[in-house]
Structures are given as structure tokens and as C-alpha cells.
Amino acid sequence: PFSKPLVTWGSESNLKPGDAVALTCVAYGGYPEAEVLWQDGAGRNLTENVTISQVANEEGLFSVKSILTVILEPNSTYNCRLTNPLLGEEGQASVTIT
């Protein structure tokens, strides 16, 4: 199974509404390749400005990295949901802007 997803962003500063940021969601050590879905706090899918890369290591396990580029909205949440199509298992991570 994949590790629990983790959402990070480039700067060390606090995230503020109106900022354009690249939110990065990573998870490691799963098989097969995962499906990654970004959603907002209302559960709407965010499909624009998303890139994803999946790389297998020498043991055939995948690392997944998905980047969502957004203009931050006030009082909003961005969720990264990871689904393993084989096992049906799911992990998620989120970041909330206040």
C-alpha cells in the first residue's frame, strides 16, 4: 500500500488568500499506479492545472507526485485523494487556508 499522502507547498511562509501556489501531494511505495484526485472543501473535483508523475523503483513500487497550481481562496480547503485501483484503498491529505 501507498504511504499516507502528504501535501506540501514551496514556500515556508503561511498560505494567504490570493496567493498563487503549487500544492504538491506525494505518496510512496504502492502498487499499482494510484489515481490522484484533488478536491475543494465542498467536494468538487479540481482538474485544471494539475500535473502527475508516477515513478517505479527497482522493486516495482510506485511513488506518486501530483501538483495542483491554484489561486488560494479564503477559508478554503484543498484535498488530495489517493486511490489504489487494485485494493480500493484510499488515503487523503488536505491543507486549509484561513
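Scan region 78-89 for residues that are over 12 Å from the mean Cα position of the chain (by Cα) and free of Cβ contacts under 8 Å to residues at least 60 places away in the same chain and report the count.
Within region 78-89, the subset over 12 Å from the mean Cα position of the chain (by Cα) is 84-89.
Going one step further and asking which of them are free of Cβ contacts under 8 Å to residues at least 60 places away in the same chain, we end up with 85-86, 88.
The total comes to 3.
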> Can you tell me which of E58, E73 is touching a residue at least 24 places away in the same chain (Cβ under 8 Å), of a type in the set (D, E) and in a loop (DSSP other than H, G, I, E, B)?
Replying inline: E73
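Regarding A34, is this residue at pLDDT 95 or above and closer than 18 Å to E89 by Cβ? Lay out the reasoning, then the answer.
Numbers: at pLDDT 95 or above: yes; closer than 18 Å to E89 by Cβ: yes.
Taking the combined requirement at face value, the residue satisfies it.
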>> Looking only at residues that are farther than 22 Å from L86 by Cα and among the acidic types (D, E) in region 17-55, which one is surrounded by the fewest Cβ atoms within 10 Å (Cβ to Cβ)?
In response: E48
> So is A27 modelled with pLDDT of 95 or more and of a type in the set (G, A, S) or not?
Replying inline: yes
> Quick one: what pairs do we get from region 8-26, first residue over 25 Å from L61 (Cβ atoms), second loosely packed, with under 11 Cβ neighbours inside 10 Å and at pLDDT 90 or above, C-beta under 6 Å, 6+ apart or different chains?
Replying inline: P17/P74; A20/I71
> Which one of these is in contact with an Asp or Glu (Cβ under 7 Å, 6 or more places away or on another chain) and either assigned to a strand (DSSP E or B) or not β-branched (V, I, T) (or both): P17, P32?
Replying inline: P17
> Only one residue in V21, V64 is of a type outside the set (G, A, S), modelled with pLDDT under 95 and on the phi < 0 side of the Ramachandran plot, so which one is that?
Replying inline: V21
> Out of region 40-98, which residues are under 19 Å from P1 (Cα atoms) and among the polar types (S, T, N, Q)?
Replying inline: S53, Q54, N57, S63, S66, T83, N84, Q92
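The values are calculated or read from the model by the stated rules, or taken from the named source; none is laboratory data. On a predicted model such as this, the values are computed, not experimentally measured, just so you know. Don't worry about glycine lacking a Cβ; one is built from the backbone with ideal geometry, like all the others, and counts go over all protein chains shown.
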